[in-house]
Amino acid sequence: MSTPTPAPLSAFDKARNGLWTSLQKHLETVYAAERSFRAATAFTTSFPFSAAQTEPEQLANYQQQRLYLRDLFIDETNQLDSLVKAVRTKSYQEDEKKLLLLMILGYIDIADSIFSLLDSQRPSKLDKDEELEETTAKFERVRNFVRLNIKGISGLLPKL
């Protein structure tokens, strides 16, 4: 008796599996950055904190971890923007695109809960960071674009 050979994966199945694997790897990186950032802020429980009342080594460690999390946020946002555009241009069925976008949206929501630490766990005085502000706005645009594409334009039109 022979075992049936599984059907070859479709292009969509390969894309879905690849996206799932990629998102898991990105989550591992983001979670590791969160752990390091939270460890660097363990010296206080109230935010924003006074940098003047912080030990120099603690402040240096905090700044290093903040910079790493900030740079990761910028990189992830740029990659998400490219990924969402790629999904929209593929020739998958609309339901398949929505499934991929739902996976991405799940990642975006988790990542946002971590990247928001850049705003909530900070010193009371922090220099203006235009690149971070631009990235935050871009992140929101990407998230809103994904949500819009999941809901679909027809979902926005009134029913007649």
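Where a number appears in this text, it was derived from the coordinates with a stated rule and is not lab data. As the structure is a computational prediction, the values presented were derived from the model and not from experiment. Cβ coordinates were reconstructed from backbone atoms using ideal geometry, including for glycine residues, and neighbour counts include every protein chain displayed.
Quick notes on this one:
- Karplus (6.51, -1.76, 1.60) ³J(HN,Hα), θ = phi - 60°, over the stretch 108-117, in Hz, Gly and Pro reported as x: 4, 5, 5, 4, 4, 5, 8, 5, 5, 4
- The stretch between T21 and K90, if pulled fully straight at 0.36 nm per residue, gains 22.9 nm over its current Cα-Cα span.
- Residue-span extension gain [L9 to R147] - 0.36 nm each, minus C-alpha spacing: 46.9 nm
- For the residue pairs K98/K125; K14/K151; K90/K128, the C-alpha atoms sit more than 31 angstrom apart in K98/K125; K90/K128.
- Sorted by Cβ neighbour density within 10 Å, fewest at the top, the residues T41, T3, T77: T3, T41, T77
- The string of couplings for the stretch 79-96 from the Karplus curve (6.51, -1.76, 1.60, θ = phi - 60°) is 5, 4, 4, 5, 5, 5, 4, 5, 4, 5, 8, 6, 8, 6, 5, 4, 5, 5 Hz, one whole number per residue in order, with x for Gly and Pro.
- Restricting the calculation to alpha carbons of the chain gives Rg and Dmax of 20.3, 76 angstrom.
- Amide H within-cut-off set for F49, under 5 Å, with H built and near neighbours excluded: R122, S124
- Charge dipole (Cα centre; +1 on Lys/Arg Cβ, -1 on Asp/Glu Cβ; no other charges) of the chain amounts to roughly 680 debye.
- From its DSSP helices (H runs of at least four residues, each -39,500 (n - 2.57)), the chain gives a residue-normalised ellipticity at 222 nm of -24500 deg cm²/dmol.
- The stretch 12-151, relative contact order [Cα under 8 Å, separation at least 6], %: 38 percent
- Its residues counted as N, the stretch 85-151 yields a C-alpha radius of gyration over 2.2 N^0.38 Å of 1.39.
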